[in-house]
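Since the structure comes first, as C-alpha cells, the remarks are kept for the end.
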Amino acid sequence: MVLEARTMRSAEWQKYRDFRLKALRENPDRFDKLYEEEKDLPDKFWKETIAEADKMERFWLFFAWDTDLGPESMPIGMISALKSPNAKTSHIVTISGPFVSVKEGGRGVERKMISYMLSKLSNDNTIKKLRCFIKIDDPEKLALYQQEGFKIIGEMEQEFKLKSGGYMNEYILEKIVS
C-alpha cells in the first residue's frame with residue numbers, strides 16, 4: 001500500500017459524500033451524527049463542505065488514499081479539524097477522527113493521518129491548543145494521540161448516545177502547541 005493523504009478536490013465531492021455515508025452506516029457509534037441525519041442532505045451541502053475545507057482557514061478535512069488502487073479509488077480514511085469561530089477561543093482547534101475503513105484497520109493509516117493533520121495544523125501560528133474527544137472504548141486511538149503529546153484532561157460521562165440506546169463516556173484530550 002502506498003498511502004497518500006490530501007484534501008479532496010472539488011470535483012470529488014461525491015466521493016466524500018459516499019465515504020461519509022458508508023462510514024455512518026458501518027460504524028454508527030463512531031460519529032456524532034446518524035446516517036439517517038445525513039443521507040438526504042442536498043448535494044450543495046457536500047460541495048460547500050469540500051470548498052470550505054479547501055481554504056484550510058477554519059476547517060480542515062483530509063483523506064487517506066491507497067494509491068495502489070488507482071485514481072478512481074475511494075478514500076480509505078478521513079480526519080477533520082475545526083477552529084473555534086469565537087474571538088476568545090479562536091486559538092483552539094478540535095480534531096475529529098481519524099476514521100478508517102474497517103478493512104483498512106491495523107495498517108497504520110490512523111497514525112499516518114493524525115501525523116499528517118498535526119503537520120498541516122503546525123503551519124498556522126494562530127493555533128495554540130489542540131483538542132480531541134476519544135471514546136473510552138478506543139484504547140488504540142487514545143494511545144496514538146498520547147504518543148503525539150496529547151494529555152487526558154477529563155472524562156465526560158454518558159457523553160455519547162449509542163445506536164443501541166446506551167451511553168458511552170469520552171475522554172477529553174488536549175495538547176498545547178505553543
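The values are calculated or read from the model by the stated rules, or taken from the named source; none is laboratory data. Everything numeric here is computed off the predicted structure, so don't read it as measured data. Cβ: placed from backbone, ideal geometry, glycine included. Neighbour counts: every protein chain shown.
Structure notes:
- Residue that is nearest to Thr89 (Cα to Cα), among those in the range 149-178 that are exposed (fewer than 13 other Cβ atoms within 10 Å of the Cβ) and in contact with a helix residue (DSSP H, G or I) (Cβ under 6 Å, 6 or more places away or on another chain): Leu162
- Ser164 passes every criterion in (1) within 18 Å of the chain's Cα centre (by Cα); (2) at pLDDT below 95 apart from (1).
- For the range 1-35, a residue qualifies if it is assigned to a helix (DSSP H, G or I) and among the acidic types (Asp, Glu), and the qualifying residues are Glu12, Asp18, Glu26, Asp29.
- Unique residue being at pLDDT below 90, under 19 Å from Thr7 (Cβ atoms) and among the polar types (S, T, N, Q) when the list is Ser115, Ser96, Ser80, Ser101: Ser101
- Members of the range 132-171 found to be closer than 15 Å to Asn27 by Cβ and hydroxyl-bearing (Ser, Thr, Tyr), listed by number: Ser164
- In the range 36-71, the residues that are in a strand (DSSP E or B) and either more than 15 Å from the chain's Cα centre (by Cα) or more than 28 Å from Glu174 (Cβ to Cβ) (or both): Trp65, Asp66
- Any chance Met74 is outside any strand (DSSP E or B), closer than 26 Å to Asp18 by Cβ and at pLDDT 90 or above: no
- Evaluation of Leu82 against the conditions (1) more than 20 Å from Glu52 (Cβ to Cβ); (2) in a strand (DSSP E or B); (3) among the hydrophobic types (A, V, I, L, M, F, W, C) shows that the sole unmet condition is (1).
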